[in-house]
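Following: one structure in C-alpha cells, then a few remarks.
The values are calculated or read from the model by the stated rules, or taken from the named source; none is laboratory data. Worth saying up front: this structure is predicted, and the values here are computed from it rather than measured. We place every Cβ from the backbone using ideal geometry, glycine too, and count neighbours over all the protein chains shown. Ligands, DNA and RNA are excluded from the accessible area calculation, which covers all protein heavy atoms including side chains. Shrake-Rupley method; radii C 1.70, N 1.55, O 1.52, S 1.80 Å.
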Amino acid sequence: MYKPFALKISPLQLLVSTHFFRFRYPSRPNLAYQSNLLPFSFRQFVSRSKFGGRVRCFSSFNSNMTITTLPSIKDGCLIVGDKVVLTAVPDNVVVSPVTHRAAFLGATASTSSSRHLFSVGILEHEFLCLYRFKMWWMIPRIGKSGSEVPVETQMLLLKVAEESALNDESSADQDTDRSYYILILPVLDGSFRATLQGTPQNELQLCAESGDVNVQTSKTLEAVFINSGDNPFELITNSMKVLEKVKGTFSCIDNKKIPSHLDLFGWCTWDAFYTDVNPQGIKEGLRSFSDGGISPKFLIIDDGWQETVNEYRKEGEPDIEWIQFATRLSDIKENKKFRGSGSDDSLQELVHSIKEQYGLKYVYVWHALAGYWGGVLPSSESMKKYNPKIEYPIQSPGNVSNLTDVVVDILEKYGLGVIDPEKIYEFYNDLHGYLASIGIDGVKVDVQNIMETLGTGHGGRVSITRQYQEALEQSVVRNFKETNLICCMSHNSDSIYSSKKSAVARVSEDFMPREPTFQTLHVASVAFNSLLLGEIVVPDWDMFHSKHETAEFHGAARALGGCAVYVSDKPGNHDFKILRKLVLPDGSVLRARHAGRPTRDCLFRDPVMDGKSVLKIWNLNKLTGIVGVFNCQGAGQWPLMKVAQNEDTPKSTNLTITGSVRPNDVEFLEDVAGENWDGDCAVYAFNSGSLSKLKRKEIVEVGLRTLECEIYTIAPIRVFGNDIHFAPIGLLDMYNSGGAIETLSHSVDLSQCTIKMRGRFCGRFGAYSSTKPSRCTVDLKEEEFTYESGSGLLRVKLEDGSISREIEFVY
C-alpha cells in the first residue's frame with residue numbers, strides 16, 4: 001500500500017521532474033505523455049489532487065512494489081497489476097498501452113459491421129456499474145459476476161481484495177482497506193460508441209455501434225479504457241484526465257467555466273404549472289417567495305413558453321395517448337401567453353420587471369435539443385431556412401433491451417422534425433440571440449439523447465450528437481457570454497464524451513413528487529451517477545418541493561451534493577423552515593466544493609434494496625468535510641431488478657437502519673485540515689445538535705427510519721498558540737454548516753492568541769474549542785457567546801445585517 005504524506009515541492013522541481021518523466025508508447029509513436037498524464041507512473045509519487053491544494057505524495061517501502069503494472073493479456077487472462085481481471089479472453093481481444101498503468105482494450109472481427117458484440121472474457125469479481133436503464137438516464141447496480149452486468153453499462157468499477165483481506169470484514173473501511181480497484185470505461189472510438197454487458201455464462205461483452213448501417217468497421221481498438229489503483233475516487237478522476245488528453249473530444253470539469261447561478265437559490269416553473277406556465281403565475285410565485293422572506297435569484301421558465309404546433313390533435317376528437325410528444329416548434333419566439341395583449345405581458349417585459357422587482361439575477365428558459373419534443377415543424381415559414389425534414393428514430397438494441405420510453409415510442413410512429421446538422425448552429429444562434437436580446441440569461445436544454453436515434457444518413461450517432469453539442473455550446477457562449485447551459489436527458493456516452501464546454505447537467509431521472517417509491521431511488525441515483533458525471537460537469541440533482549413529505553430528505557441531499565439548490569413549489573406552497581436551512585438571506589446557498597458521492601464503504605452495497613445498508617454521501621468545503629447519512633431502504637426498488645426472495649431481508653416498508661460515521665468517510669480531508677494535523681476532528685450532527693471529538697478511525701452511530709437522514713459536519717481540529725485546540729463548524733442552522741467558512745487564521749501576541757474567521761455568517765455560528773475564549777468580536781464589535789465545557793461547543797448568535805463577516809475569538 002502507498003502511504004500518503006505531505007511534501008512541499010517548488011514549481012522548479014516540478015518542472016524539472018516533468019521534463020525528465022516523458023514516455024512514448026509503441027501504439028502511439030507520435031504522442032508523448034508528460035507526467036501530468038501519468039496518474040500511476042510519476043504521479044504514483046507526486047500528484048496534485050483536485051480535492052485540495054497540497055501536493056499528495058506516495059512513499060512505499062515495499063521492495064516488492066512493481067512500478068509498471070500495465071494491463072496485458074497472458075495465457076488467456078487479462079492481467080491488471082498482478083490481478084486476474086478476466087479469464088478465457090478470446091484471441092481477437094487486444095490491449096494497447098496508454099500510460100504505465102492504463103490501457104485501451106478492443107477487439108477485431110473478420111467482417112465489417114455497424115454493430116459488433118465481442119466477448120472479452122469471463123468476469124467473476126465484485127463490481128459497481130452505472131448503466132442506462134432507459135434511453136435518457138443511468139442508475140447504479142452492484143453484482144459479483146459477469147451475468148449481473150446489465151445491457152448499456154457505461155462504467156464498471158471492480159473491487160479486488162488482497163488475499164490477506166478476503167476473509168477480513170473490517171477491510172471495507174478506508175483505514176484497513178486492502179482492496180484494489182479496477183476501472184473499466186467503455187468510451188468513444190472514432191465514429192463508434194461502446195458499452196458493456198454480461199451473459200448468463202458470466203461473459204463480459206463489448207458492444208461497439210455506430211448507429212448508421214453505412215458506417216462500418218472490422219475493429220475497434222480504443223473502445224474500452226482500463227486503469228487501476230488503490231483509491232477509487234482518485235482512480236476515476238485520474239482516468240478521466242488521461243482520457244481528456246488522449247481522446248480530445250471532451251473537457252473535465254476542472255477545465256470548464258462554471259455558471260454563476262449554481263451558488264444562488266432558484267425556482268423552476270415545471271411542477272408548479274407544467275406547460276400551463278404563464279406570466280401571471282410566475283409573478284404570483286415570486287411574490288409568495290418574497291412574502292416568506294426568501295426570494296429566488298435564478299428562475300427557469302420551463303416547457304410551455306414556446307410557439308408550437310401539434311398536427312395530430314384534431315378538434316372534437318379525443319387525444320391519442322402521449323401525442324403531446326409529437327408537438328413541434330413553429331417559431332423561435334414566445335407563444336401568445338407570453339406576448340399578451342399589452343407590453344406588460346410580453347416575455348421581454350416580464351423578464352425586465354421580475355428582475356427589477358424581485359432581485360432575480362438569472363432567468364433561463366427551457367428548450368429541447370431538437371427545438372421541441374417533436375423537433376421543428378418543416379412546413380413553418382420560420383423553420384424552412386434550417387432545412388428540416390421528418391425523420392424516424394431508430395433505437396439501438398441496447399435501449400430496446402431495457403425500459404422503453406413513451407417519448408421515443410411516439411416519435412418512432414410520428415417522426416421528428418430534424419434540422420439539417422449543417423444548419424443547426426444557425427438555428428441555435430438565432431434562437432439564443434433573440435432570447436439574449438430580451439433579457440434571458442441562459443437555457444436548460446432537454447431531450448438530448450434523442451440524437452443517438454437519428455444517426456442514419458448523418459455519419460452515425462456519435463457524429464450527429466457531436467455536431468449538435470458543439471453548435472449548442474458555441475451558441476450559448478456567444479449569445480449569453482457565459483456557459484449558462486443546463487443539459488438534461490443526456491446520459492449516453494455520445495454526449496458525455498462530447499462535452500467540451502457544458503458545465504452543468506442533470507444526473508438522474510426527474511424528482512417526481514407524486515411517486516412515493518421514487519424518492520429514495522432519486523437520492524441514491526444522483527450520488528452514484530456523480531461518480532462518473534461529476535468528473536465532467538457540476539451535477540444537477542434536480543429541483544424538489546420544499547413542502548413535501550420528503551422535503552427534508554431531498555433538501556439535505558442537495559445541501560451536500562455540490563449542486564444547484566432549486567425548488568419547483570406551487571405559488572404559496574412553501575416550507576420556509578426547510579428553505580432557511582439551505583438559503584442565506586441574500587439568496588445565496590452554501591454549495592459544497594465537489595460532486596457529492598457515496599463514501600468508499602458504500603460503493604459496493606445496495607442502499608435501496610439490501611434491507612441493511614445506509615447511504616452515506618461525502619463532500620468537502622474549504623475548511624471542513626461533510627457526510628450525509630440517508631436511509632433509502634424500504635421505500636422503493638430499482639427498475640429492472642428482480643427482488644430476491646430472501647427470508648432474512650426485512651419486508652417492512654419502514655425500516656430502522658443503524659449506520660456509522662467516521663472522519664475517514666471524507667476522502668482527502670487532510671487537504672483542508674492544515675499542516676501538522678494529527679487526525680482529530682470535531683463532528684457536529686445537524687439534527688441532534690450533538691458535538692463529538694473523534695479520531696479519524698473512531699465512529700459515531702446513528703439510527704434512522706426510512707426516509708430519515710442526518711448530516712455531519714466534520715471539522716479537523718487545529719492546534720494554535722497556547723495549546724488551543726480549535727475547529728470551526730460554521731452555521732449551526734444550515735444543513736451544510738461548514739460551507740459558510742471562507743478563511744481561518746490566527747495570530748499570537750505575547751500571551752494572547754487570536755483566531756480569526758471570515759465567511760458568510762448569519763444566525764447561530766458554532767465552533768469546537770478546547771478552552772473558553774476570553775472574548776469574541778464580530779466585525780470588531782464585541783459580542784456575547786456561550787461555551788459548553790463538556791462538549792467544547794462554542795456558540796455566537798449573530799444579528800441580522802451583512803452576510804460577509806469576520807469573527808474573532810481571543811484567548
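List of remarks:
- Where labels lie 7 Å past Cα in the beta-carbon direction, separation of ASP254 and GLU515 in nm: 3.6
- If you wrap the tightest convex hull around every Cα atom of region 198-324 and split its volume per residue, you get 318 Å³.
- For region 328-407 and region 247-313, distance of Cα centres in Å: 13
- Simple Cβ-charge dipole of the chain, Lys/Arg +1 and Asp/Glu -1, about Cα centre, in debye nearest 20: 1840
- Applying a threshold of 22 Å to the alpha-carbon distances of LYS134/LYS385; LYS257/LYS756; LYS389/LYS413; LYS547/LYS581 flags LYS134/LYS385; LYS257/LYS756 as lying beyond it.
- Our summary gives the chain a relative contact order of 9 percent, counting only alpha carbon pairs under 8 angstrom and 6 or more residues apart.
- Accessible area of the chain divided out per residue, in Å², using a probe of 1.4 angstrom: 38
- Distance (nanometres) between label positions extended 7 Å along Cα→Cβ at LYS481 and ARG339: 3.0
- For the chain, excluding the exposed loop sites themselves (GluC sites (Glu not before Pro), DSSP loop, at most 12 other Cβ atoms within 10 Å), the longest remaining stretch covers 1-314.
- Residue among SER288, LEU329, THR269 farthest towards the positive dipole end of region 261-331, charges placed on Cβ: SER288
- For region 655-811, a simple Cβ point-charge model (Lys and Arg +1, Asp and Glu -1, everything else neutral) yields a dipole of about 200 debye relative to the Cα centre.
- Carbon and sulfur %, accessible surface of the chain computed with the full protein complex present, 1.4 Å: 48
- Translational diffusion of the chain, µm² s⁻¹ [Kirkwood Rh, Cα pairs; Stokes-Einstein; 37 °C; 0.692 mPa s]: 117
- Inter-centroid distance (Cα atoms) of region 534-608 relative to region 722-757, Å: 26
- When the residues THR520, THR743 are ordered by accessible surface, computed with a 1.4 Å probe over the protein chains alone, the sequence from largest down reads THR743, THR520.
- Maximal additional length on extending the TYR312-LYS577 stretch stands at 90.8 nm, based on 0.36 nm per residue less the C-alpha distance.
- Annotation note: trypsin sites (Lys or Arg not before Pro) in region 230-327 located in DSSP loop regions with a Cβ neighbour count of at most 15 within 10 Å are LYS257, ARG313, LYS314.
- Nearest-10 value in Å² for the accessible area of MET512, using the 1.4 Å probe: 50
- Estimated FRET transfer efficiency (LEU403, GLU126; beta-carbon r; R0 30 Å; 0.05): 0.70
- Considering only CYS753, LEU793, ALA194, the residue lying farthest towards the positive end of the dipole of the chain is CYS753, judged by Cα position with unit charges set on Cβ.
- The share of alpha-carbon pairs in region 667-708 lying farther apart than 16 Å comes to 50%.
- Label-point separation in nm, ASN654 to ASP779, each point 7 Å along Cα→Cβ: 4.7
- Too-long pairs where the Cα-Cα distance tops 21 Å, listed order kept, from LYS355/LYS797; LYS355/LYS501; LYS256/LYS481: LYS355/LYS797; LYS355/LYS501
- Applying a DSSP loop filter and a limit of 12 other Cβ atoms within 10 Å to the chymotrypsin sites (Phe, Trp or Tyr not before Pro) in region 475-574 leaves nothing.
- Descending Cα extents along the principal axes, region 663-804, whole Å: 50, 36, 28
- With R₀ fixed at 30 Å, the C-beta to C-beta distance from LEU640 to ALA109 puts the FRET efficiency at about 0.55.
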